[in-house]
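The values are calculated or read from the model by the stated rules, or taken from the named source; none is laboratory data. This structure is a prediction, so every number in the text was calculated from the model and none was measured. Glycine also receives a Cβ, built like all others from the backbone with ideal geometry; neighbour counts cover every protein chain displayed. Side chains included, ligands, DNA and RNA excluded: accessible areas come from the protein's heavy atoms. Shrake-Rupley method; radii C 1.70, N 1.55, O 1.52, S 1.80 Å.
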Amino acid sequence: MRRVAFLIRFALAVAASSVIETALGDPIYVDQGPKWTAEDRADYYTRDQGSRLIKLTWLRALKAKDGQPFLSDGLTRYGFLPNPGNNANLPVGLHTTGPAESQMVGITCSACHTRQVEVEGKTYRIDGGPAFMDFQEFLSDLDKAVEDATASDTAFAAFAAAVSQPATPSAADVAALRQRVDAWHRRVHAFVAGTLPPVGWGPGRLDAVGIIFNRISGTDVGPPPDFLIKENMRIADAPVRYPFLWNTPMQNQTDWAGFVLNGNRVFALARNTGQALAFANFEPKRSSGLFFDYDYANSINFEGLERLEKLVLKMGPPKWPSDWPIDSKLAKDGQKIFERQCSKGCHEKKEVRALRDLFVTTWVTPVQNVGTDTRQFDELGWRVKTGALKGAGIPLIARHLEEEDYAVHMMFSAVAGAILDNKLHLGSDVGSGDGFGSSLPPNAQKAPSTSLSLSPAPVKASIAPPSSAQPPNQPESLTIEPGTLLERTLNRGEYEARVLEGIWAAAPYLHNGSVPTLAELLVPPAKRMSQFKVGARYDIKNVGLDVTQEGPTRPVTDCNDLNSGNSRCGHDYGTRLSDDEKKALLEYLKTL
């Protein structure tokens, strides 16, 4: 009953205010170190990673809910940020690729990892920061716009005329286009219907794990012509706040649950390949190769992924703007409190020599249970039919998949196979086609290969004692990729603790974005806000979201519903400090 009440309350809140308040005016770019240049920023905003969503001519021809062109506002109504350098009126994070007459629109990581905040009428841009974009609403509206365009012969005739401008399409051209659009929409609609929860994630959150699992297992490995296995797709109801990207290459593990290995170029490429598969074309099939009997054909731009990693390496943590007040003396007092309360064992910047690469130094990334929401662990336990990937595996890296297997194992096989196909010049590439997995014949040339070496990975992350506040009748742990170099044991409710440089720019807090400010995180969980506003207006006193701003309301649950995906419970650290100590600690956190 608590969960039903929460869903109803959340739906009413989102319906009451579905437009995110967006800061106006030209942004002030926050200092992110001397290595991060304007040229790097422009590259980061548009770098092709192999995502192939939809044809640009189709997107331009679609209509929004109000009857205006879908791209009329550059998609800022969803919280995307303007990119004046984009000639196609696409926002930060959306790019075009391919020949001018047949350009595709793809999504790059900057769409979800670029932030803009407002303080006293000024706007500040933070590259690599968690976006306030509502990706669910964007996907849902895109699906509906194509549905409306195909609702009748009259509606489609208008769409076809807009796509073909300035030429007038023949009846045969319209029929051929209709066949292609219908094929695209069958796949996208199945994905949207099978993935998006009835109550939205809201701005600033995304269930990336659910999206990737559903894309690989639900839309890519079924029988032709649509390659769908609809029963594999499940509602992605474990949204998390977009993580910040600066310092990501320095972590020992990534992803909130710490199940993605990190620290050298191989694992960095694997990390980026996994996120690229969310909207790339992927067409795995059996082959008669000498060493590998599977072809992991895909549209991933590996050269672009490697360039992306170089960009993230140059991206420094954002510095507290010089025109925002800060008490240096108080911050020094707060540093002592931080070192005593927060650093050791959790948020310490501790360098270690990575076992998997003797020439790489990383920061320890503790993976611990601090009593926060447990919902994401359920998705790591999803079992699916493996379809075209049945039997696929990479010796020592990804074990052979059974007819029904864990979705996380399928993801590892897909990632490892795609990388090896590229680096060893195996298999085939797939073209852009019409986007979202509908490809042209595989005649594209592979991107230049870079020599990489694989080396052993550590077996297990550091573990803290489990929390006693566990939901009943749920698995407590999951071993992924048993018998390989990637073997890991994941325990329910464990999430990574990162080095906190730039943490002032990453609100809301906890992995699921359930606490609006750092000040609120220092309040005992039972007394934290049960709801707050989400938007760009920032509170520099309490360090986080201005809870009084206009914008969608995010209700959250308490410790009685730890598996809701929206629980504000846990991380009960620093909550017993005095008011003066809390002020000092907050002042220090601004300086990181």
Review point. Counting only residues 5 or more places away or on other chains, whose amide H sits under 5 Å from the amide H of ASP295 once H atoms are built in the peptide plane?
Key: LYS285, ARG286, SER287
Practice item. Please work out the FRET efficiency for the pair PHE359 and ILE28, using the Cβ-Cβ distance as r and a Förster radius of 41 Å; give the result to the nearest 0.05. Key: 0.60
**Study point:** Once the Cα gyration tensor of the chain is diagonalised, semi-axes √(5λ) in Å
**Key:** 37, 29, 23
Check your understanding: How would HIS571, HIS409, HIS400 rank on accessible area, largest to smallest, probe 1.4 Å?
Key -> HIS400, HIS571, HIS409
Point to revise | segment 475-591, relative contact order in percent, only Cα pairs under 8 angstrom and at least six apart counted | key: 22 percent
Check your understanding: Probe 1.4 Å, all protein chains in place: accessible area of SER288 in Å², nearest 10?
Key -> 120 Å²
**Study point:** Between helix 407-423 and the chain: long-axis angle, C-alpha atoms, 0 to 90°, nearest 10
**Key:** 70 degrees
Review point. Taking Cα atoms, how many degrees apart are the long axis of helix 153-164 and the longest axis of the chain, rounded to 10 and kept between 0 and 90?
Key: 80 degrees
Practice item. In debye, nearest 20, what is the charge dipole magnitude of segment 194-254 about its Cα centre with +1 on Lys and Arg Cβ and -1 on Asp and Glu Cβ, if you could check? Key: 180 debye
Study note, to complete from the structure: Sorted by chain and number, the residues with a modelled amide H under 5 Å from that of THR557, at a separation of 5 or more or across chains, are ASN566, SER567, ARG568
Exercise for review: Sort LYS63, LYS582, LYS332 from largest to smallest accessible area, using a 1.4 Å probe on the heavy atoms of the protein chains.
Suggested key: LYS332, LYS63, LYS582
Practice item. Measure off, as a whole percent, the carbon and sulfur share of the 1.4 Å-probe accessible area of the chain, all protein chains present. Key: 56 percent
Check your understanding: So how much accessible area does TRP382 have, in Å² to the nearest 10, using a 1.4 Å probe?
Key -> 20 Å²
Check your understanding: In what order, largest first, do VAL367, VAL174 sit by accessible area if the probe radius is 1.4 Å?
Key -> VAL174, VAL367
Exercise for review: With r as the distance between the Cβ atoms of ARG265 and GLU403 and R0 = 30 Å, compute the FRET efficiency 1/(1 + (r/R0)^6) and round to 0.05.
Suggested key: 0.30
Practice item. Return the FRET efficiency for the residue pair ALA158, ASP327: r is the Cβ-Cβ distance, R0 is 51 Å, and the value is rounded to the nearest 0.05. Key: 0.25
**Study point:** No Cys partner within the rule (Cβ under 4.7 Å), the chain
**Key:** CYS109, CYS112, CYS342, CYS346
Review point. Taking a temperature of 20 °C and a viscosity of 1.002 mPa s, what whole-number D in µm²/s does Stokes-Einstein yield for segment 509-578 with Rh from Kirkwood over alpha carbon pairs?
Key: 175 µm²/s
Point to revise | Rel. contact order, % - alpha carbon contacts under 8 angstrom, at least six apart, segment 22-134 | key: 33 percent
Point to revise | Acute angle (nearest 10 degrees) that the helix 265-276 long axis makes with the longest principal axis of the chain, alpha-carbon atoms | key: 70 degrees
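For TYR406, what charge total do you get from the other residues with a beta carbon under 11 Å from its beta carbon, if Lys and Arg give +1 and Asp and Glu give -1?
Within the 11 Å Cβ shell, the charges total -3.
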Check your understanding: Do you know the relative contact order of the chain, to the nearest whole percent, from alpha carbon pairs under 8 angstrom that are 6+ apart?
Key -> 18 percent
Exercise for review: At 1.4 Å probe size, with every protein chain present, just tell me what the per residue accessible area of the chain comes to in Å².
Suggested key: 41 Å²
Study note, to complete from the structure: Only helices counted: for the chain, with every DSSP H run of 4 or more residues adding -39500 (n - 2.57) and the sum spread over all residues, [θ] at 222 nm is -9000 deg cm²/dmol
Point to revise | Cα-centred dipole magnitude for the chain, charges only on beta-carbon of K, R (+1) and D, E (-1), debye, nearest 20 | key: 800 debye
Review point. Fully extended, how many nm does the chain gain between ASP580 and LYS344 (0.36 nm per residue separation, minus their Cα-Cα distance)?
Key: 82.8 nm
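Starting from the eigenvalues of the Cα gyration tensor, five times each then square-rooted, give me the equivalent ellipsoid semi-axes of segment 108-245, largest first, whole Å.
33, 22, 12
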